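Visitor: What follows is a structure written as structure tokens; I'll ask about it next.
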Amino acid sequence: MPRFAAGLEYDGRAYSGWQTQPGLQTVQDMVQRAFGRVADTPVDCVCAGRTDAGVHAHGQVIHFDSAAARSERSWRLGANSYLPADVSVAWVREVPEQFHARFSATARTYRYLIFNRDSRSALAAGRATWERRPLDAARMHDAAQVLLGEHDFSAFRAIECQAKSPMRRVEQLAVTRNAQWLTLAITANAFLHHMVRNVAGLLMSVGHGESPAERVGTVLSSRDRKTNAATAPPDGLYLAAVRYPAEFGLPGGSADTGNLPQSAIIGRSSD
């Protein structure tokens, strides 16, 4: 049976995460229902990363199997016609049957967006995390570099995390500022449950001076979640891109997975 990959964008505010859950509205339910209507038969979708409630994506990748004779364009436009405004299919490609959205991925990139001003934004609610205390982005970036490489990230995983191993390899981790906006960008081979939000929470405590920069390394080496800072809210978290071997010929995770500007996500508030 033919297999297809698709790139998704979604605003996670109205959903209880990606994965189907009884009695709850999820992104998976919406996407499967839309592709099922295009195929005229039920469709099961597998994602690259199971985002949590309130988490967004502009680079989610899924795969599904279908014998329905539809062009890639018909899959994309047809599904979008049945999806709500806060979920969109950016692209669809037919892929080899050995392709798997989750297991074929070699890396994933998340971005965590922080609105840093002493008064809240009327436009950023639910799309970025608001931190009223001044944050030192350079201090956060420097402190974060100890997390690069392969480590046991037990101190950054949620209690309910079901991953068999806490070992993860972080390729890149940067904290940058653009006016009132801070962006934490992190790329790794895979992530533990709440790993990015726990990294963000700790770096924010360093950024506003509550924790010394050395605490990041201390928490990492402790392998104990209790030594870490509070988990950051889901509002500012985006699954930005998923990387696959070039042989699959995918667009890198989404139609646009580069440094998506904050203005494209929520609009630019005035200084």
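Visitor: Take residues that are in contact with a Pro (Cβ under 9 Å, 6 or more places away or on another chain) and tell me which of the strands (runs of 3 or more DSSP E) falling wholly in segment 40-128 contain 2 or more.
Guide: 56-65, 87-95
Visitor: Before we move on, is Gly201 in the same structural domain as Gly149 (by TED's automatic domain parsing), of a type in the set (Gly, Ala, Ser), surrounded by 19 or more Cβ atoms within 10 Å (Cβ to Cβ) and not in a strand (DSSP E or B)?
Guide: Judged against the criteria, Gly201 is a match.
Visitor: I'd like to check something: does segment 110-121 contain any residue that is more than 30 Å from Arg37 (Cα to Cα), among the aliphatic types (A, V, I, L, M) and either surrounded by fewer than 16 Cβ atoms within 10 Å (Cβ to Cβ) or at pLDDT 95 or above (or both)?
Guide: yes
Visitor: Which of the residues spanning segment 1-18 are assigned to a loop (DSSP other than H, G, I, E, B) and closer than 18 Å to Val55 by Cβ?
Guide: Scanning segment 1-18 gives Asp11, Tyr15, Ser16, Gly17, Trp18.
Visitor: Still on this model: Give the residue that is farthest from Ala53 (Cα to Cα), with candidates limited to residues of segment 79-127 that are of a type in the set (Phe, Trp, Tyr) and out of contact with any Gly (no Cβ under 6 Å at 6 or more places or on another chain).
Guide: Only one residue tops the list, namely Phe99.
Visitor: Still on this structure, please answer the following. For segment 137-189, what are the residues that are farther than 27 Å from Asn116 by Cβ, assigned to a strand (DSSP E or B) and without any contact (Cβ under 8 Å) to a residue 24 or more places away in the chain?
Guide: Scanning segment 137-189 gives Gly149, Glu150, Met167, Arg169.
Visitor: May I ask you to verify whether Tyr82 is over 20 Å from Ala240 (Cβ atoms) and either in contact with a helix residue (DSSP H, G or I) (Cβ under 8 Å, 6 or more places away or on another chain) or in contact (Cβ under 8 Å) with a residue 24 or more places away in the chain (or both)?
Guide: Criteria met by Tyr82.
Visitor: Can you pull out every residue in segment 131-169 that is of a type in the set (A, V, I, L, M, F, W, C), surrounded by fewer than 17 Cβ atoms within 10 Å (Cβ to Cβ), within 22 Å of Arg50 (Cβ to Cβ) and modelled with pLDDT of 95 or more?
Guide: Within segment 131-169, Met167 is the sole residue that qualifies.
Visitor: Can you tell me which condition Ala14 does not meet? The list is (1) farther than 22 Å from Phe248 by Cβ; (2) of a type in the set (A, V, I, L, M, F, W, C); (3) over 21 Å from the mean Cα position of the chain (by Cα), and all the others hold.
Guide: (3)
Visitor: Among the numbered conditions (1) in contact with a strand residue (DSSP E or B) (Cβ under 7 Å, 6 or more places away or on another chain); (2) at positive phi, tell me where Ser121 comes up short.
Guide: So Ser121 meets the others, but not (2).
Visitor: So, one more: Can Val87 be described as among the β-branched types (Val, Ile, Thr) and surrounded by 19 or more Cβ atoms within 10 Å (Cβ to Cβ)?
Guide: yes
The values are calculated or read from the model by the stated rules, or taken from the named source; none is laboratory data. Note that the structure is predicted; figures quoted are calculated from it, not measured. All Cβ positions, glycine included, derive from the backbone under ideal geometry; neighbour counts span all protein chains shown.
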